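Right, one structure below, let's go through it.
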Amino acid sequence: MTQGELLAAVRMQTLPRHVALIMDGNGRWAQRRGLPRVEGHRQGIQAAERLIHFVAGERLVPCLSLFAFSTENWNRPQEEVDYLLDLLARFIRERGDEFVERGIRLRVLGAVEALPPSLQRAITDIEARSRRGDALDLAVGINFGGRWSIVEGARRAAALAREGKLDPGALDEASFARLLPTAGFADPDLIVRTGEEKRISNFYLWEAAYSELYFTSILWPDFDEDALLEAIRDYQGRRRRFGKVEA
Ligand code: IPE
Ligand code: IPE
Ligand code: MG
């Protein structure tokens, strides 16, 4: 199928409202070519940019999440960590204008206060400037962890309770979800992980309760528009029951 045919096919059925991507396999992509791991990250960010522009340009889905740097990724060699965070800062600074022009609203999820100050500044700036974007809601996880996110929600709940603004006994799933860093985003309908591994690696946990999971051996730098459309087609063949019985 050509890309046009694939696009037409996925548009015939219900599209996910939120697709989350675990971008894995950059290092292996590079190593297989005899290149340093960081070259995989450089290619990986280009693959991400292409996909973001495709999804926004086609108005394919209203919300996209990208997992860029986990709370565990600090445990990599310092050099690689520095390279990755610098790459992200440069990407946001250099590509920010284009995001704003294309109506992409970017929000970073994660413990940003632990990030290098230059990256923090780039994030604050792009979040403010892209605020009115209506082509795509883009969530990028940087120093994000699913467990961090839930603990963050618990901390906010505790703080509100201390101030007398929340009755702990009245806290329920819906009100707790509104305290999470992911509040405002629909739960992901589809989570895609590239790069062979079949795990969540501490990405969305709370939000993934009823997500459909899709794993592909394609390494992230090779994950292109057609691969995304294939994942969506696979998703459209799933029968989501949400614990009920089929009608
Ligand atoms: C994904 O690629 C990027 C990040 C996790 C930051 P990896 O760097 O994990 O690549 P592999 O899994 O080692 O191939
Ligand atoms: C998951 O990839 C995290 C991101 C894509 C940011 P990892 O490469 O860090 O995951 P593990 O170590 O294989 O579980
Ligand atoms: Mg990996």
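Details
- Packing rank of 72-79, 219-226, where each peptide gets the mean count of other beta carbons within 10 Å, highest leading: 219-226, 72-79
- Region 100-156: C-alpha gyration tensor shape, a/c 1.5 cut-off, then a/b vs b/c: oblate
- One chain, two ends: Ala159 and Arg132. Fully extended at 0.36 nm per residue, the span grows by 6.7 nm beyond their Cα-Cα distance.
- Mean residue ellipticity (222 nm) of the chain, computed from DSSP H runs ≥ 4 via -39,500 (n - 2.57), nearest 500: -14000 deg cm²/dmol
- Over the chain, relative contact order from alpha-carbon pairs under 8 Å, at least 6 apart, %: 28 percent
- Residue by residue, region 152-162 carries 3J(HN,Hα) couplings of 4, x, 5, 4, 5, 4, 4, 4, 5, 5, 4 Hz when phi is fed to the Karplus relation 6.51 cos²θ - 1.76 cosθ + 1.60 (θ = phi - 60°); x denotes Gly or Pro.
Coordinate-derived values only; no laboratory data. If you're wondering where the values come from, they're calculated on a predicted model, not measured in any experiment. Every residue, glycine among them, receives a Cβ derived from its backbone with ideal geometry; neighbour counts consider all protein chains shown.
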